[in-house]
1. Which members of the range 23-41 meet the condition of being open to solvent by 70 Å² or more (accessible area, probe 1.4 Å), assigned to a loop (DSSP other than H, G, I, E, B) and over 16 Å from Pro59 (Cα atoms)?
2. (1) within 16 Å of the ligand (Cβ to nearest atom); (2) assigned to a helix (DSSP H, G or I); (3) open to solvent by 20 Å² or more (accessible area, probe 1.4 Å); (4) aliphatic (A, V, I, L, M): which one isn't true of Leu20, the others all being true?
3. If a residue must be away from the ligand (no atom under 12 Å from the Cβ) and either crowded, with 18+ Cβ neighbours inside 10 Å or in a loop (DSSP other than H, G, I, E, B) (or both), how many such residues does the range 73-95 contain?
4. Could you check how many residues of the range 190-209 are open to solvent by less than 80 Å² (accessible area, probe 1.4 Å) and more than 11 Å from the ligand (Cβ to nearest atom)?
5. Please enumerate the residues belonging to the range 43-58 that are surrounded by 20 or more Cβ atoms within 10 Å (Cβ to Cβ) and either of a type outside the set (A, V, I, L, M) or closer than 19 Å to Pro114 by Cα (or both).
6. What residue, of Asp165, Asp144, Asp119, Asp65, is under 19 Å from the mean Cα position of the chain (by Cα) and open to solvent by 40 Å² or more (accessible area, probe 1.4 Å)?
7. Among Ile192, Ile110, which is the only one that is in a strand (DSSP E or B) and on the phi < 0 side of the Ramachandran plot?
Amino acid sequence: MTFRIAVLVSGGGSNLQALLDAQASDALNGEIALVVADRADAYGLQRALQHSVAAACIPLKRPRDHAIRAAWERRLANVIAAFEPDLIVLAGFMRVLSPAFLERFPDQVINQHPALLPDDGGATVRTSAGIEIPALRGAHVVADALRLGLPITGCTVHRVTPAVDDGPVLACAETPIQPDDTEETLHERIKIQERRLIVEVVQRLANDA
Ligand code: GRF
């Protein structure tokens, strides 16, 4: 049985591209069955179509309206379920998914986060050199790492639980911060690691399935 993967994106989709490239060279041991975006201008949709992968845009127009958001999420879940994925990868998907969504796909959702996270939901994380740094959560963690003057940051792939930017860690990689780093230069170096890591994790989960 083919291991089927759905990838959710909100932006450029360079991590999705790494997965598409791995699939194109038969290195994924799985099939990207569907790409979904929550916005029409997400370039990840084009990347999917260029690889003949089904792509859907399910826009969320009024995210603060509870009823509209719940209906959007049900629609999103219905579309994903129709493609019968074994794994759902949040690859730069900038929406928090509710417990109702996660209950529908138990243990199937993984997320990429551009900072180091601990396995225990704690407030700090220890680097390989034994330095304790804050566990950065939220949508601005690359800027936060610079603002806090951290010597090192990184990226994490973790299983998604109802707690935001939490859940068992599947893999992580460290990225030292350079004195002249800007948010852009640092994020790009983190993303080089992220692209490698997400392919490794998906390969591993596909092999273990
Ligand atoms: C990555 O840094 C990911 O960790 C974060 O959003 C970024 C997505 O990059 N959640 P891309 O769209 O795959 O280039």
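The values are calculated or read from the model by the stated rules, or taken from the named source; none is laboratory data. If you're wondering where the values come from, they're calculated on a predicted model, not measured in any experiment. Cβ placement follows ideal geometry from the backbone for every residue including glycine, while neighbour counts extend to all protein chains displayed. For accessibility, only protein heavy atoms count, side chains too; no ligands or nucleic acids. Shrake-Rupley method; radii C 1.70, N 1.55, O 1.52, S 1.80 Å.
1. Once the filter is applied, which keeps residues that are open to solvent by 70 Å² or more (accessible area, probe 1.4 Å), assigned to a loop (DSSP other than H, G, I, E, B) and over 16 Å from Pro59 (Cα atoms), the range 23-41 yields Ser25, Asp26, Asn29.
2. Going through the list (1) within 16 Å of the ligand (Cβ to nearest atom); (2) assigned to a helix (DSSP H, G or I); (3) open to solvent by 20 Å² or more (accessible area, probe 1.4 Å); (4) aliphatic (A, V, I, L, M), Leu20 breaks only (3).
3. The number of residues fulfilling the criteria is 10.
4. Residues in the range 190-209 being open to solvent by less than 80 Å² (accessible area, probe 1.4 Å) and more than 11 Å from the ligand (Cβ to nearest atom): 6 in total.
5. Of everything in the range 43-58, those that are surrounded by 20 or more Cβ atoms within 10 Å (Cβ to Cβ) and either of a type outside the set (A, V, I, L, M) or closer than 19 Å to Pro114 by Cα (or both) turn out to be Gly44, Arg47.
6. Asp119
7. The unique qualifying residue is Ile110.
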